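Student: A single structure is presented below for examination.
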């Protein structure tokens, strides 16, 4: 079914009401959206069931919670001589409105430390030479800080096709790569030493043959 695209409002007294379930609060928001779109909410229980893919009893329980806590009023009209509902209107007790705050007295700035991957990319800051030096000293990795910075400056602080996210992690990667070099050099020296011994033995054999 087509879902409404009009905005919904959940005022503070609904959001923080401990008597309401999360789904009842969501239903309240849906009712405000329909009221803002049509001026009134005439949606049936079945409409909400289809919209949220829940049972009739669930929707009825949420409506009852909202009504019991005086957030909505249900105006039900029955067919004459029966209990069959002919029409139903849901009204908001206090229709919430979007408010523009003009109170500029609260100047406290809050820092959001819960950075997502998307906004952490934009906040990447190139390290200074001293920062790299100090971090390398802390890790005791003997990495040349100037070489590290010069290398990534030439790359535009890119790792492959992606912008660097964390220069400290790049140091660790560089460090691990550097650790492999001494092993290769050591093996090379061992091979050289063995080859030298073989050459000496070959010379001695040739001398004994003479």
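Student: Quick one: residue 35 ticks every box in (1) modelled with pLDDT of 85 or more; (2) surrounded by 16 or more Cβ atoms within 10 Å (Cβ to Cβ) except a single one, so which number is it?
Tutor: Failing condition for residue 35: (1).
Student: Quick check: anything in the range 186-207 surrounded by fewer than 11 Cβ atoms within 10 Å (Cβ to Cβ), outside any loop (DSSP other than H, G, I, E, B) and at pLDDT 75 or above?
Tutor: So far as the range 186-207 goes, no, none of its residues is surrounded by fewer than 11 Cβ atoms within 10 Å (Cβ to Cβ), outside any loop (DSSP other than H, G, I, E, B) and at pLDDT 75 or above.
Student: Out of the residues in the range 80-93 that are surrounded by 11 or more Cβ atoms within 10 Å (Cβ to Cβ) and at pLDDT below 85, which is nearest to residue 29 (Cα to Cα)?
Tutor: Of everything passing the filter in the range 80-93, 88 is nearest to residue 29 (Cα to Cα).
Student: If I ask for residues that are touching a helix residue (DSSP H, G or I) at 6+ places or on another chain (Cβ under 8 Å), modelled with pLDDT of 90 or more and over 16 Å from residue 96 (Cα atoms), which ones from the range 62-79 would you list?
Tutor: Across the range 62-79, the qualifying residues are 62, 63, 65.
Student: Sticking with this one: Just one of 41, 49 is in contact with a helix residue (DSSP H, G or I) (Cβ under 6 Å, 6 or more places away or on another chain) and farther than 14 Å from residue 24 by Cα; which is it?
Tutor: Residue meeting the stated conditions: 41.
Student: Would you be able to say whether some residue in the range 69-76 is surrounded by fewer than 18 Cβ atoms within 10 Å (Cβ to Cβ), part of a loop (DSSP other than H, G, I, E, B) and free of Cβ contacts under 8 Å to residues at least 40 places away in the same chain?
Tutor: Within the range 69-76, one or more residues are surrounded by fewer than 18 Cβ atoms within 10 Å (Cβ to Cβ), part of a loop (DSSP other than H, G, I, E, B) and free of Cβ contacts under 8 Å to residues at least 40 places away in the same chain.
Student: Continuing with this model, one more query. Which of the residues spanning the range 18-55 are part of a loop (DSSP other than H, G, I, E, B), free of Cβ contacts under 8 Å to residues at least 24 places away in the same chain and within 18 Å of residue 91 (Cα to Cα)?
Tutor: 39 - this is the single residue of the range 18-55 that is part of a loop (DSSP other than H, G, I, E, B), free of Cβ contacts under 8 Å to residues at least 24 places away in the same chain and within 18 Å of residue 91 (Cα to Cα).
Student: Would you mind finding the one in 134, 142 that is loosely packed, with under 11 Cβ neighbours inside 10 Å and either more than 26 Å from the chain's Cα centre (by Cα) or free of Cβ contacts under 8 Å to residues at least 60 places away in the same chain (or both)?
Tutor: Exactly one residue qualifies, and that residue is 142.
The values are calculated or read from the model by the stated rules, or taken from the named source; none is laboratory data. All values reported here derive from a predicted model rather than from experimental measurement. For neighbour counting, all protein chains shown are included, and Cβ atoms are generated from backbone atoms with ideal geometry for every residue, glycine included.
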